[in-house]
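Encoded as structure tokens, the structure appears first; notes follow it.
A short reminder: the numbers here are calculations on the coordinates, not readings from a lab. Given the structure is predicted, the values throughout are model-derived calculations rather than measurements. Heads up, the Cβs are rebuilt from the backbone with ideal geometry, glycines too, and the neighbour counts pull from every protein chain shown.
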Amino acid sequence: MFKKRYFSAHNDFKTSFLCKLFLFLGVLFIIIFFVLGIISFFNIGEKSGIIKPLYDISKTSTPESILAFSILFFAVGIILYFFNYQFAKLSKIADEIENEEGLKNIEK
């Protein structure tokens, strides 16, 4: 048999933290994409050092994959923001209901 679980209206399932995490990862990946794009714009094929491997990576399909992951992280972050906003509204409604019931008990 499965146990029934009751969740509090104040429990937001860590959506605030996850929203910030996914939005941060989206921004980080978009910055990496732009850095690789800027590096691939310049012809640095003959140079050596740290820029040469980045130039080689920028000429593969890796930047497009990074852009795709960035878009996915942004989308998940926005969805989690929506859930966080809805949980906040639910918590506010639950507080109002609890306060109204408390006031009714005091009046009686």
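Ranking of Phe83, Phe42 by neighbouring Cβ atoms within 10 Å, starting from the fewest: Phe42, Phe83. Sorting Ile51, Ile39 by the number of Cβ atoms found within 10 Å of their own Cβ, with the fewest placed first, yields Ile51, Ile39. 3J(HN,Hα) couplings calculated from phi for the stretch 31-37 with the Karplus curve 6.51 cos²θ - 1.76 cosθ + 1.60 (θ = phi - 60°) are, in sequence order, 5, 4, 4, 5, 4, 5, x Hz; Gly and Pro show x. Residue ranges 54-66, 88-100 sort as 54-66, 88-100 when ordered by packing (mean number of other C-beta atoms within 10 Å per residue, highest first). Extents of the stretch 15-80, largest first, come to 47, 18, 13 Å (Cα atoms, principal axes, whole angstrom). Working from label points 7 Å from Cα in the Cα-to-Cβ sense, the Phe2 to Gln86 distance is 1.9 nm.
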